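Visitor: Following this message is one structure expressed as structure tokens.
All of the numbers you see were taken from the coordinates with simple rules; none came from a lab. None of these values were measured; they are calculated from a predicted model. Backbone-built Cβ (ideal geometry, glycine too); neighbour counts: all protein chains shown.
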Amino acid sequence: MSDHPFTKTFPVSWWELHRDSRALAWRLMERGPFQGVVAITRGGLVPAAVVARELEIRTIDTICIASYDDKKQGELTVLKGVPGDGEGWVVVDDLVDTGKTYRKVREMLPKAHFATVYAKPAGRPLVDSYVTEVSQDTWILFPWDAEMQEVAPIARR
Ligand SMILES: O=P(O)(O)OC[C@H]1O[C@H](OP(=O)(O)OP(=O)(O)O)[C@H](O)[C@@H]1O
Ligand SMILES: O=c1[nH]c(=O)c2nc[nH]c2[nH]1
Ligand SMILES: [Mg+2]
């Protein structure tokens, strides 16, 4: 038996991620202005760069958190935080899944606005702005975790 709950894969290309991060920026335009962007490393770095570019924000900080090893979530480790309570800042991550990461970051920055590109149902209550909902049993495959591969014709699979 598999040691993770994912039965489907939702692959996202660089282009799709750029488009969806821009769509997030449009939503955030209505919720700002923000004085800075906090990216949750590492997955939040690319969407945060796109959001910061679109909102013309040049003040960017990072919270460094790790919890998943491959598709399995383990203990959450905060490697680096940021000063303050988050007032006027928007926090950006690639996705919210169980919500464990954002629950922790909300404790650290209670006044920030919380954004992700993708959201699964269990984590959705932890996010203020997101673009696309994906089912809980789906693994989102990001372009930095993938490469082009040859596949067999469907008739032979
Ligand atoms: O809502 P949760 O269940 O907490 O999961 C969401 C978090 O998990 C992933 O990060 P990961 O810990 O894999 O680190 P990474 O961003 O460096 O890949 C993802 O980028 C989110 O930050
Ligand atoms: O690349 C990823 N895809 C996911 O669906 C996911 N959920 C938690 N962490 C994740 N990382
Ligand atoms: Mg992450």
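Visitor: Under a straight-distance cross-link criterion of Cα-Cα below 16 Å, which aspartates and glutamates are reachable from LYS120, leaving out those fewer than 8 residues away in the same chain?
Guide: Within the straight-line cut-off, LYS120 pairs with ASP20, ASP93, ASP94, ASP97, ASP128, GLU133, ASP137.
Visitor: Taking the beta-carbon count within 10 Å as an exposure proxy, list ARG19, ARG156 from fewest neighbours to most.
Guide: Placing the least packed residue first, the sequence is ARG156, ARG19.
Visitor: Under the classification rounded if a/c is under 1.5, otherwise prolate if a/b is larger than b/c and oblate if not, where does region 19-141 fall, given a ≥ b ≥ c as square roots of the Cα gyration tensor eigenvalues?
Guide: Oblate, because a/c is 1.5 or more while a/b does not exceed b/c.
Visitor: Scan around VAL38 for amide H atoms under 5 Å from its own, H built in the peptide plane at 1.01 Å from N, and keep only partners 5 or more places away or cross-chain.
Guide: For VAL38, the qualifying residues are ASP61, VAL90, VAL91, VAL92.
Visitor: Could I ask something else about it? Treating cross-link reach as a plain straight distance, find the aspartates and glutamates whose alpha-carbon is under 13 Å from the alpha-carbon of LYS80, omitting any fewer than eight places away in the same chain.
Guide: By straight Cα distance, LYS80 reaches ASP61.
Visitor: With point charges of +1 on the Cβ of Lys and Arg and -1 on the Cβ of Asp and Glu, referenced to the Cα centre of region 1-69, which listed residue (LEU45, GLY32, THR7) lies farthest in the positive direction of the dipole?
Guide: My answer, from the dipole projection, is GLY32.
Visitor: Of the residues ALA115, ALA146, ALA39, which exhibits the maximal mean-square fluctuation in a Gaussian network model of the chain defined by a 10 Å Cα contact cut-off?
Guide: ALA146
Visitor: For the cross-link pairs LYS8/LYS72; LYS72/LYS111; LYS72/LYS100; LYS8/LYS104, which exceed 19 Å when the distance is taken from alpha carbon to alpha carbon?
Guide: Exceeds cut-off: LYS72/LYS111; LYS8/LYS104.
Visitor: A follow-up question, please. Using only the C-alpha atoms of region 99-157, find the volume of their convex hull and express it per residue in Å³.
Guide: 119
Visitor: Test of understanding: ordering LYS71, LYS120 by Cβ neighbours within 10 Å, fewest first, what list do you get?
Guide: LYS71, LYS120
Visitor: Separate question: How far apart, in nanometres, would the label points at GLU30 and PHE6 be if each is projected 7 angstrom from Cα along the Cα-to-Cβ direction?
Guide: For the pair GLU30/PHE6, the computed spacing is 3.1 nm.
Visitor: Now for a different question. What are the GluC sites (Glu not before Pro) within region 1-67 that DSSP puts in a loop, where the Cβ has at most 11 other Cβ atoms within 10 Å?
Guide: GLU30, GLU56
Visitor: How much length would be gained if the chain were fully extended between MET148 and ASP69, taking 0.36 nm per residue of separation minus their Cα-Cα distance, in nm to one decimal?
Guide: Values: separation 79, 0.36 × 79 = 28.44 nm, distance 2.23 nm.
The MET148-ASP69 span can extend by a further 26.2 nm.
Visitor: Next up: To the nearest 20 debye, what charge dipole does the chain have about its Cα centre, counting +1 at the Cβ of each Lys and Arg and -1 at the Cβ of each Asp and Glu?
Guide: Approximately 160 debye in magnitude.
Visitor: Report the full-extension gain for the segment ARG22 to LYS111: residue separation times 0.36 nm, less the Cα-Cα distance, to one decimal in nm.
Guide: Here the answer is 29.7 nm.
Visitor: Using the number of other C-beta atoms within 10 angstrom as an exposure proxy, rank SER129, SER21 with the fewest first. Present the calculation step by step, with values, prior to reporting the outcome.
Guide: Numbers: SER129 19, SER21 22.
Listing SER129, SER21 from fewest to most nearby Cβ atoms yields SER129, SER21.
Visitor: Quick one: compute the contact order of the chain, relative version, from alpha carbon pairs under 8 angstrom and 6+ residues apart, as a percent.
Guide: Relative contact order for the chain comes out at 26 percent.
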